[in-house]
Amino acid sequence: MIEPSKTPEWSALNADAENLADSHMRTLFADDPARFEKYSLEAAGLFLDYSKNKITDDVLDHLIALANAVDLEGARGRMFSGEPINSTENRAVLHAALRDFSMRDYFVDGEKVTPKIRAELKKMESFASGIHSGGRTGYSGKPLDTVVNIGIGGSDLGPQMVVEALRPYWIKGRRSFFVSNVDGQQLTDTLAQIDPETTLFVVASKTFTTQETMTNAESARKWFIDNGGKDVAKHFVALSTNRYAVEAFGIDTDNMFEFWEWVGGRYSLWSAIGLSIVLQIGFENFKALLKGAHLMDEHFRSAPLRQNMPALLALVGVWNRNFIGAASHAVLPYDQHLLRLPAYLQQADMESNGKRTNIDGEVVKHATGPIIFGEPGTNGQHAFYQLLHQGTDIISADFIAPAISQSETGDHHEKLLSNFLAQTEALMLGKTEKEVRNELREDGTAKPQIDALAPHKVFPGDRPTNTILMEKLTPETLGALIALYEHKIFCQGIVWGVNSFDQWGVELGKVLAKSILPELSPIAGSKPEAANHDASTNGLINRINSLRSQ
Ligand code: F6P
């Protein structure tokens, strides 16, 4: 494997960063009137403007050369052809196959998987149509108008984010709840709002062994029975790769929707894990979501890197992370319905590229995935943007907005969009001390006050942002947007030399929690003094136990 930081392309990028250190993005814009046209492109219903990054033609040339040096195009081909690129788990990575509406076939280990994908989609369609038509009811004959999705991580964030994003597409009268946390309060709060006669519990877990999901599913089943529920089979379905565990839990495999090892948890909303989406917005809209993603897949697999949206977004991200020094990246949707997109991308990106060893098991010599965070605009503006504008760290950001709102209300959307545009302009331009002083003078501020205030009112600017624009947030454009990020993450993983498709980093905590669990006191109970851990952990266990025993 090629260590990217040892390549001449990496050195060239280091030199670019040094050369550009004293030029402000203001100057780059002033010097090149064609900058916007040059550094923007359209694909699959999305428009990306990446001109407000501190890049030049040289930088882009060197980034593309770096992508070629690590054979990004070859890796892309290997992913789409079903090779086991998830090397530590020996698995293919074929979420794109789940949404491929062309006649293309996909193979894993010599087995054609396309028929399985189509059959499962059909099963989801027919199940949902039974629920929607009222043909499939609960135990008392009432329609199942409520869904409680029980899952965590990829088995929660994707469906939840999509359901929230596509509110106007909700089938009238239907409700969806998402329970993920092992904190029983979330389940209790949800159960207080639902009726066992009309609720379908969708237990979503790739492995069907995840502690949080199994605990919530058991408690939900107990509540169902304790509250007069009969015929559990009518009210519980499973979405999983693990037939054996589904059966062991007591769910009939007829009520199981299957997906496969080659679908990563955080890439699984296109699979059976999307059943909660189908139930809330209908199969046709789910299909449109898949089609939007497929359009982006087609663009990604065929466009040359210089005109390839996911590759460019990834490479500009590499530039910001490794050469500009942005250790954090903000995802800022200017659409309230994209409320859960930052959380969704936190898992997609940080669980994929938050890695310190390369594919060969060596510790990498360069920074990998950034910290991802975000909130919808304009809320974030009144919370953490201060630090984006004037903090000591450079933070890169994606600003995402539809030109037309899903629900245009008076002039709200123009106001939202004016903020959306103003923020990237402000982050790029900044405000010089001279400008600040002139402004204060024009306002009639006295000289001593100007001297005192001016430094606080200076904005350095030169802060990198991407703008992602779409006409409207629809199932198609949402599908394309998610696929754009999936492929961006893939490209960055290839450049950084990490395996973006495993997640060993979540294991240690899980194992330690298992050993701590029996040491914790039940409420009003007692347990022997803890002595098996470090002093801090022992001390905390003992303190918790003493508080719970009272
Ligand atoms: O946190 C680790 C993880 O394995 C995620 O990758 C996954 O999305 C989540 O747990 C849930 O896993 P499962 O779908 O198997 O319950």
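The table for this structure:
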read-out	value
Convex hull per residue volume in Å³, alpha carbons only, for region 435-493	139
The chain: angle of helix 57-69 to the longest principal axis, Cα-based, in degrees nearest 10	40
Cα long-axis angle, helix 475-496 against the chain (0 to 90 degrees, to the nearest 10)	70
Accessible solvent surface per residue of the chain, calculated while the other protein chains remain in place, 1.4 angstrom probe, Å²	43
Which of T445, T27 is most accessible, then next, and so on - probe 1.4 Å	T27, T445
Mean projected area in nm² (Cα convex hull; one quarter of hull surface) for region 21-136	12.8
Largest-first ordering by accessible area, 1.4 Å probe, given options R76, R175, R99	R175, R76, R99
Scattering curve values for region 460-524, log₁₀ I(q)/I(0), Debye with Cα scatterers, q = 0.17 Å⁻¹	-0.84
Once the Cα gyration tensor of region 193-324 is diagonalised, semi-axes √(5λ) in Å	38, 17, 14
Protection-proxy order for peptides 292-304, 378-390, 264-276, 500-512, each taking the mean of Cβ atoms within 10 Å per residue, highest first	264-276, 292-304, 378-390, 500-512
Heavy atoms of E351 accessible to a 1.4 Å probe, total area in Å² rounded to 10	50
Global size of region 57-216 as Cα Rg and Dmax, reported in angstrom	20.8, 69
Rounded to the nearest 10 Å², the accessible area of E18 at probe 1.4 Å	140
For region 135-210 versus region 502-550, the gap between their alpha-carbon centres in whole angstrom	31
Projected-area mean, the chain, by convex hull of Cα positions, square nanometres	30.7
For L517, solvent-accessible area (1.4 Å; no DNA, RNA or ligand), Å²	100
0 to 90° range, to nearest 10: angle between helix 535-549 axis and the chain longest Cα axis	50
Å³ per residue enclosed by the Cα convex hull of region 330-479	140
Carbon + sulfur, % of accessible area of the chain - ligands and nucleic acids excluded, 1.4 Å	53
Formal net charge of residues neighbouring G134 (Cβ-Cβ distance under 10 Å; K, R +1; D, E -1)	+1
Accessible area in the full protein assembly, largest first, 1.4 Å probe, for D32, D254, D16, D360	D254, D360, D32, D16
The chain: antiparallel DSSP beta bridges as a percent of all, rounded to 5	30
Counting all C-alpha pairs of region 382-471, share separated by more than 20 Å (%)	50
Value at 222 nm in deg cm²/dmol, rounded to 500, when DSSP H runs of n ≥ 4 in the chain each add -39,500 (n - 2.57)	-13500 deg cm²/dmol
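The values are calculated or read from the model by the stated rules, or taken from the named source; none is laboratory data. Just so we're clear, the structure is a prediction, and the values are computed from it rather than from any experiment. Methodologically, a virtual Cβ is constructed for each residue, glycine included, from the backbone with ideal geometry; neighbour enumeration extends over all protein chains shown. Protein only, heavy atoms only, side chains kept; ligands, DNA and RNA dropped before computing areas. Shrake-Rupley method; radii C 1.70, N 1.55, O 1.52, S 1.80 Å.
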